[in-house]
1. Can you confirm whether segment 211-231 contains a residue that is among the acidic types (Asp, Glu) and crowded, with 19+ Cβ neighbours inside 10 Å?
2. How many residues are farther than 17 Å from Asn89 by Cα, without any contact (Cβ under 8 Å) to a residue 60 or more places away in the chain and buried (at least 24 other Cβ atoms within 10 Å of the Cβ) when one looks only at segment 106-121?
3. Select from segment 244-260 the residues that are more than 14 Å from the ligand (Cβ to nearest atom) and assigned to a strand (DSSP E or B) and write down the one among them that is surrounded by the fewest Cβ atoms within 10 Å (Cβ to Cβ).
4. Would you check if Gly202 is open to solvent by less than 30 Å² (accessible area, probe 1.4 Å) and within 16 Å of the ligand (Cβ to nearest atom)?
5. Please name all residue pairs, on different chains or six or more residues apart, with Cβ atoms under 9 Å, provided the first residue is in segment 134-162 and is over 15 Å from Thr81 (Cα atoms) and the second residue is part of a helix (DSSP H, G or I) and basic (Lys, Arg).
6. Give just the number: which of (1) more than 16 Å from the ligand (Cβ to nearest atom); (2) within 21 Å of the chain's Cα centre (by Cα) does Arg274 not satisfy?
7. Any chance segment 168-177 includes a residue that's assigned to a helix (DSSP H, G or I) and either of a type outside the set (Asp, Glu) or buried (at least 20 other Cβ atoms within 10 Å of the Cβ) (or both)?
8. If the Cβ limit is 9 Å and pairs must be 6+ apart or interchain, which residue in segment 317-340 that is more than 16 Å from Ser253 (Cα to Cα) pairs with which residue that is assigned to a strand (DSSP E or B) and open to solvent by 50 Å² or more (accessible area, probe 1.4 Å)?
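The values are calculated or read from the model by the stated rules, or taken from the named source; none is laboratory data. Since we're looking at a predicted model, the values are computed, not measured. Counting neighbours? That spans all protein chains shown, and the Cβs are built from the backbone with ideal geometry, glycine included. Ligands, DNA and RNA are excluded from the accessible area calculation, which covers all protein heavy atoms including side chains. Shrake-Rupley method; radii C 1.70, N 1.55, O 1.52, S 1.80 Å.
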Amino acid sequence: MPENLNRRTFLTAGAALGLGATAMGAFPQKGVGGKGPVAISSANGMAAVTRAMELMKAGSDPLDAAIAGVAIVEADPADHTVGYGGIPNEDGIVELDAAVMHGPTHGGGAVASLRNIMHPAAVARLVMKRTDHCLLVGEGALRFARMHGFPEIDLLTDEARKIWLYWKETNSKDDDRIPPPPDEMDPAVKKFFGEKYVREHGTIHLSALDTHGDVGCVTTTSGLYYKIPGRVGDSPILGAGLFLDNTVGSAGSTGRGEANLLNLSSHTIIEALRRGASPKDATLEACRRVVATNKSPRLQDAKGRPNFDVKFYCLSKDGRFAGASLWGGAKLAVHDGNAARLVECASLYDEALVE
Ligand code: GLY
């Protein structure tokens, strides 16, 4: 197993295994219909929506387009919240969660705590297509991925390892580890723990609407930084980290997964859409529900507001889209045919989260 696998190596390995973006279990491609396609994603998804759009314009199924889009971010060592280069668990091991849903078949598949596989979203699609189950975890998910020819790699990049090591060295004054003096810190580590350091629950979500009005969606993540080994967030849980209904639209989330697990927020958004709410109102409803159910004092600021953030993304079947977050400053990436752009999300509180 190579220590580091760059994107070129991956593409070569993927091609050898027939795992190219559109070949990873693709649905039959459809002809291009009348309406323009739309792809929305979290702010780290500009390249992802661009790729998804290219594929849908060429007639791709929306889920295949979505998975190919997020595969770019899963392979990107610079994104420390998704796939290869993700920040590891407290033992220094990267564990990935991902889920997919397919509108036309109302199918869904997911993997959780998956190690050593760069593209968990593509494995989730195979869980959907090649098993009678919705979720495989841990060792079973890894064996399933191996069986389907996914190459194993070490997902921990040198940069992510150094970040994890610094976290370990500064975690407690009561152990024997000594962090490097500031002038000896690796520049990447220094930048990571910079002024606005937040213990992230970063992730990528992508919802796609094709020219026939069919939707597909995917959420993929390396989860909470330094998590307890085996901790699973909302991303691989259908209804929490993502949900869709081909008659109304698609939704997903990034941010503190536990808040979504306790509210099944993506399902909440789709049900609001079904009742006639706009994407903006539906995502704000999910935000309000998170606030209303956040009872734990350790998760509240001095004013009783959540001391964490959650972001929601929603794309309706007729091509309207919106995002909302608890705290201000969030953006979503959107491509509706011309170019990818970032759009402001609505928020419950105007100000950005201060930790
Ligand atoms: N939303 C990603 C996580 O909490 O793992």
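1. Here is the first cut: in segment 211-231, the residues among the acidic types (Asp, Glu) are 214.
The next check asks that each one be crowded, with 19+ Cβ neighbours inside 10 Å; those that pass are 214.
Yes, the conditions are met somewhere in segment 211-231.
2. Narrowing segment 106-121 to residues farther than 17 Å from Asn89 by Cα: 106-110, 119, 121.
Remaining after also requiring without any contact (Cβ under 8 Å) to a residue 60 or more places away in the chain: 107, 109.
This time we only want the ones that are buried (at least 24 other Cβ atoms within 10 Å of the Cβ), so: 109.
Number satisfying all stated conditions: 1.
3. Quick first cut of segment 244-260, residues more than 14 Å from the ligand (Cβ to nearest atom) only: 244-250.
In the following step, the residues that additionally are assigned to a strand (DSSP E or B) were identified as 244-245, 249-250.
Working: Leu244: 33, Asp245: 18, Gly249: 28, Ser250: 36.
Only one residue tops the list, namely Asp245.
4. Numbers: open to solvent by less than 30 Å² (accessible area, probe 1.4 Å): yes; within 16 Å of the ligand (Cβ to nearest atom): yes.
Yes.
5. Leu136/Arg143; Phe144/Arg130; His148/Arg130; Glu152/Arg146
6. Going through the list (1) more than 16 Å from the ligand (Cβ to nearest atom); (2) within 21 Å of the chain's Cα centre (by Cα), Arg274 breaks only (2).
7. Residues of segment 168-177 that are assigned to a helix (DSSP H, G or I), as a first pass: 168-170.
Now narrow it down to the ones that are either of a type outside the set (Asp, Glu) or buried (at least 20 other Cβ atoms within 10 Å of the Cβ) (or both): 168, 170.
Yes: segment 168-177 contains one or more residues that are assigned to a helix (DSSP H, G or I) and either of a type outside the set (Asp, Glu) or buried (at least 20 other Cβ atoms within 10 Å of the Cβ) (or both).
8. Note: pairs meeting the criteria are His335/Arg341; Asp336/Phe321.
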